[in-house]
Amino acid sequence: MYHYTAIVTCLAVAFYFFTSTQVARARVTYGVKLPAISGNPDFERIFRIQMNTLEWMPIFLPSLWLFAIYVGDAAAAAIGAIWVVGRIVYFIGYREAVAKRSPGFAIQAVASIVLWVGAIGGAAWRLAH
């Protein structure tokens, strides 16, 4: 069973839900009415945090689970937790200014790459052996 990976998956989904609620709050705060997605730079940054998180989830989640299957649950969960922390750092930085988004982006990107490389490497190793 992959209990640790399941918990990290739930944390990632909870973080995405949180970013969605932040967009809804920002719409009210900055007066950006649906269906608009622009008009206020503070709103646009919060919106981009949510959308960028959504854009990375199809990269992160399959890589996380395949890494758990082919390499190990605890290692996948640890790297997955780093991804979640990276997304939080990204959120905090980008919410303040565009220039402050890079550290969090780098953390989550490296975590995703490690998960993907481990997943494909583990699958190839098992196929060859």
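Derivation of every value follows stated rules applied to the coordinates shown; laboratory data play no part. Predicted model only: the values in this text are computed from it and were never measured. We place every Cβ from the backbone using ideal geometry, glycine too, and count neighbours over all the protein chains shown.
Would you mind checking the tilt of helix 102-128 against the longest principal axis of the Cα atoms of the chain, expressed as 0 to 90 degrees and rounded to 10?
So the inclination is approximately 30 degrees.
As I understand it, the value is the acute angle between the Cα axis of helix 73-96 and the longest principal axis of the Cα atoms of the chain; what does it come to in degrees, rounded to 10?
20
Quick check on packing: order 75-84, 37-46 by the mean number of other C-beta atoms within 10 Å, highest mean leading.
Ranked by mean Cβ neighbours within 10 Å, highest first: 75-84, 37-46.
Does a label point 7 Å from the Cα of Ile7, set along Cα-to-beta-carbon, have any residues of the stretch 55-94 with amide nitrogen under 14 Å, and which are they?
Answer for the stretch 55-94: 73-82.
Order 15-27, 99-111 from most to least packed using the mean count of other Cβ atoms within 10 Å.
Per-residue Cβ counts within 10 Å, averaged per peptide and sorted highest first, yield 99-111, 15-27.
Treating the angle as unsigned and between 0 and 90°, give the value, to the nearest 10°, between the Cα long axis of helix 41-70 and the longest Cα principal axis of the chain.
Between helix and principal axis, roughly 10 degrees.
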